[in-house]
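The values are calculated or read from the model by the stated rules, or taken from the named source; none is laboratory data. None of these values were measured; they are calculated from a predicted model. Here Cβ is always computed from backbone atoms with ideal geometry, including for glycine, and neighbour counts include all displayed protein chains. The area values use the complete protein model at the heavy-atom level, side chains included, leaving out ligands, DNA and RNA. Shrake-Rupley method; radii C 1.70, N 1.55, O 1.52, S 1.80 Å.
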Amino acid sequence: MIVPQSPVNELPSREARIELQYLPSLEYFACILHYDHIWIDVEERYVKQTFRNRCQVLTANKVDTLTVPVSIDNHGLTKDVKIDYSQDWVRRHLGCLQAAYGKSPFYEYYAPEFLGIFQKKYNFLIDLNYELLTICLRLVGIKNRVTYNLSGTKNGENGVLNEISQINNKKAGYIFKYYAPEPYYQTFGNDFVSNLSIVDLIFNMGPEAKSVLLRSLKSR
């Protein structure tokens with residue numbers, strides 16, 4: 001007599017909710033890799049002076065912060081934040097990326113894709129950030145499930161961990177939660193600079209970017 005075996009219980013899906021950032025840091029992508037399913041909330045309340053509209057890159061002299069100027073209405077929701085084109089920020093960002101990574105191994109292969117996005121001049125920050133994140137996920141080869149717009153989910157509700165504003169914040173004494181820096185080749189300097197924008201990793205390491213990120217994950 002053959003006794004049917006009980007099915008093996010599957011592990012529960014690991015899910016988290018995060019905000020949409022501009023050319024996010026390596027820890028942001030480490031967070032995406034850490035979970036089975038990422039919810040990106042575009043209806044959360046926008047927080048000024050965060051990485052929602054800025055990123056950091058390594059230039060010849062220093063770490064430079066690139067900021068997208070924005071205008072915020074009275075509601076202050078991320079989905080309603082508009083980009084301010086009265087400032088010539090696109091030229092500054094593209095010029096800085098060229099100066100920072102023009103001589104890096106993979107800049108010439110990937111830069112045209114980013115240039116195409118900037119030339120579209122999106123009205124809303126979420127549209128710009130969404131398109132840039134989509135490109136970066138594809139170039140790195142990350143295929144984890146990413147879903148947009150899960151507004152109002154509380155910490156632990158429906159098994160979704162609320163990590164809004166917790167990734168790469170500027171609080172004093174901030175400790176990486178998902179990212180354990182793994183040095184890789186950088187165009188400038190002898191000392192490795194961790195947790196820059198994902199473009200630093202993409203332009204310098206190309207197809208090896210994902211393997212670097214996987215080695216940079218903190219254990220679950």
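Scanning the range 99-116 for residues that are touching a residue at least 12 places away in the same chain (Cβ under 8 Å) and surrounded by fewer than 17 Cβ atoms within 10 Å (Cβ to Cβ), we see that the one that is farthest from the chain's Cα centre (by Cα) is K103. So which of K103, K120 ends up being of a type in the set (K, R), more than 17 Å from F203 (Cα to Cα) and in a loop (DSSP other than H, G, I, E, B)? One residue alone meets the criteria, K120.
Among the residues examined, K171 does not qualify as part of a loop (DSSP other than H, G, I, E, B), at pLDDT 90 or above, within 22 Å of E44 (Cβ to Cβ) and open to solvent by 30 Å² or more (accessible area, probe 1.4 Å).
Every residue in the range 77-97 that is open to solvent by 20 Å² or more (accessible area, probe 1.4 Å), at pLDDT 95 or above, part of a helix (DSSP H, G or I) and in contact with a helix residue (DSSP H, G or I) (Cβ under 8 Å, 6 or more places away or on another chain), please. Across the range 77-97, the qualifying residues are V90, L94. Scanning the range 194-219 for residues that are part of a loop (DSSP other than H, G, I, E, B) and either among the hydroxyl-bearing types (S, T, Y) or more than 26 Å from T50 (Cβ to Cβ) (or both), we see that the one that is most open to solvent (accessible area, probe 1.4 Å) is S219.
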